[in-house]
1. In Å², what does the accessible area per residue of the range 1-79 work out to with a 1.4 Å probe?
2. With a 1.4 Å probe and all protein chains left in place, how much of the accessible area of the range 29-124 comes from carbon and sulfur atoms, in whole percent?
3. What is the sum of charges, Lys and Arg at +1 and Asp and Glu at -1, for the other residues whose Cβ falls under 15 Å from the Cβ of residue 34?
4. Let me know the whole percent of all Cα-Cα pairs from the chain that are separated by more than 20 Å.
5. Per DSSP helix of 4 or more residues, -39500 (n - 2.57); summed, then divided by the residues of the chain. What does that give at 222 nm, rounded to the nearest 500?
6. With +1 assigned to the C-beta of every Lys and Arg and -1 to the C-beta of every Asp and Glu, and no other charges, what is the dipole magnitude of the range 29-153 about the Cα centre in debye, to the nearest 20?
7. Given the Cα-Cα distance of residue 25 and residue 117 and 0.36 nm per residue of separation, how much length would full extension add, in nm?
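The values are calculated or read from the model by the stated rules, or taken from the named source; none is laboratory data. Predicted model only: the values in this text are computed from it and were never measured. Counting neighbours? That spans all protein chains shown, and the Cβs are built from the backbone with ideal geometry, glycine included. The protein model used for the area step is the full one, side chains on, heavy atoms only, and it has no ligands, DNA or RNA in it. Shrake-Rupley method; radii C 1.70, N 1.55, O 1.52, S 1.80 Å.
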Amino acid sequence: MTKVLLSLHVLAAILAIGPIAVAASLFPRFAKEAAAEDRPRNAAGIAAFLHRTCRGYAVVGGAVPAFGFATGAALGVLTDAWLITSIVLTAVAAALLIGAVLPGQRRLLAGPGDGATTRQAAARLAMLTGTFNLLWAIVVVLMIVRPGSTTGA
């Protein structure tokens, strides 16, 4: 059962978090293009699609920690420092996505600001998205390396 839970956890992470990471990373570029005077015809539509992708996969992404907790319980490692650190970083990444990235995307889609304001907001959003992606990269490394783990990795 542990192998099934771990497989579901990893698949959920790849299939849910991966698309968020890519779509959120691409969003600032298309938001800036949509606000430009000589904007490409479809930039606003692409930005809206990327936002919907992030929003939709954020909901599906709830499966990742659910399967993670189930896997950790099955392995008996819920109190290990590497897992607690991963849980905290996952919570921070989720809070960043829900509290800053998605609202930032919504604001950029809501209305055209002047070019400088839009570029500044898109740059800030790109930084937040990069932080979100970095947090997930650290969690992945912790899941692979499992420092101090007694599960034989």
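1. The answer is 57 Å² per residue.
2. The computed percentage sits at 62.
3. Details: positive: 29, 32, 39, 41, 52, 106, 107, 119; negative: 33, 37, 38, 114.
With Lys, Arg at +1 and Asp, Glu at -1, the net is +4.
4. Numbers: 5954 of 11628 pairs.
Value for the chain (Cα pairs over 20 Å): 51 percent.
5. After summing the helix terms and dividing by the residues of the chain, the value is -25500 deg cm²/dmol.
6. So the magnitude is around 260 debye.
7. 31.2 nm
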